[in-house]
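Below is one structure, written out as structure tokens; the observations come after it.
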Amino acid sequence: MLDTTDLTTAVERFADRLRVAPQSRLQRGAAAEALELARELARRAQIIENPDSAPLIMPDAGIFAAADQVTVAGTDLAEALRTAPPGAVEGLAEAVALVRAAAERAGM
């Protein structure tokens with residue numbers, strides 16, 4: 001089983017920062033950045049879990065739900081990677097990099 005601690009830590013850190021961010025920062029793009037990240041993490045998890053099905057798109061639940069959406073999608077991907085076949089290490093490193101880059105672009 002793959003250790004996904006780096007991913008869950010990065011996801012939790014970004015989500016925590018989103019939760020305490022002022023509404024104005026969320027409206028200036030942090031929430032949109034978070035939603036984009038959540039959609040990508042969810043897409044990756046779905047591909048691992050159901051490779052024969054087209055991934056569903058995570059809906060926009062509003063700026064105040066962005067942190068929760070990142071948390072759910074990141075946790076789902078971590079679990080999918082944890083039980084994925086060998087070779088998932090690359091997917092883990094890419095996911096951690098995606099989260100860190102999204103946090104940086106969001107100013108978090």
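Note on the stretch 13-52: residues that are among the charged types (D, E, K, R), touching a Gly at 6+ places or on another chain (Cβ under 8 Å) and closer than 13 Å to residue 74 by Cα amount to 1.
Please state which of the following conditions residue 49 fails to meet, knowing it meets all the rest: (1) under 21 Å from residue 5 (Cα atoms); (2) modelled with pLDDT of 95 or more. Failing condition for residue 49: (2). None of 82, 25, 13, 19 is more than 9 Å from the chain's Cα centre (by Cα), modelled with pLDDT under 95 and basic (Lys, Arg) except 82.
Every test in (1) over 21 Å from residue 102 (Cβ atoms); (2) modelled with pLDDT of 95 or more; (3) of a type in the set (Gly, Ala, Ser) is passed by residue 74 save one, and that test is (1).
In the stretch 1-28, what residues are surrounded by fewer than 15 Cβ atoms within 10 Å (Cβ to Cβ), under 11 Å from residue 108 (Cβ atoms) and either of a type in the set (Asp, Glu) or in contact (Cβ under 8 Å) with a residue 60 or more places away in the chain (or both)? Passing the criteria: 13, 16. Residue pairs whose Cβ atoms lie under 6 Å apart, separated by 6 or more positions or on different chains, with the first residue in the stretch 62-88 and under 13 Å from residue 45 (Cα atoms) and the second part of a loop (DSSP other than H, G, I, E, B), are 78/4; 81/2; 81/4; 81/88; 82/1; 82/2; 82/4; 88/2.
Each row is one residue, and each column tells you yes or no for (1) more than 20 Å from residue 19 (Cα to Cα); (2) surrounded by fewer than 18 Cβ atoms within 10 Å (Cβ to Cβ).
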site: 32; (1), (2): no, yes
site: 46; (1), (2): yes, no
site: 53; (1), (2): yes, yes
site: 56; (1), (2): yes, yes
site: 61; (1), (2): no, yes
site: 78; (1), (2): yes, no
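The values are calculated or read from the model by the stated rules, or taken from the named source; none is laboratory data. Remember, it's a predicted structure, so these values are computed and weren't measured experimentally. Cβ coordinates were reconstructed from backbone atoms using ideal geometry, including for glycine residues, and neighbour counts include every protein chain displayed.
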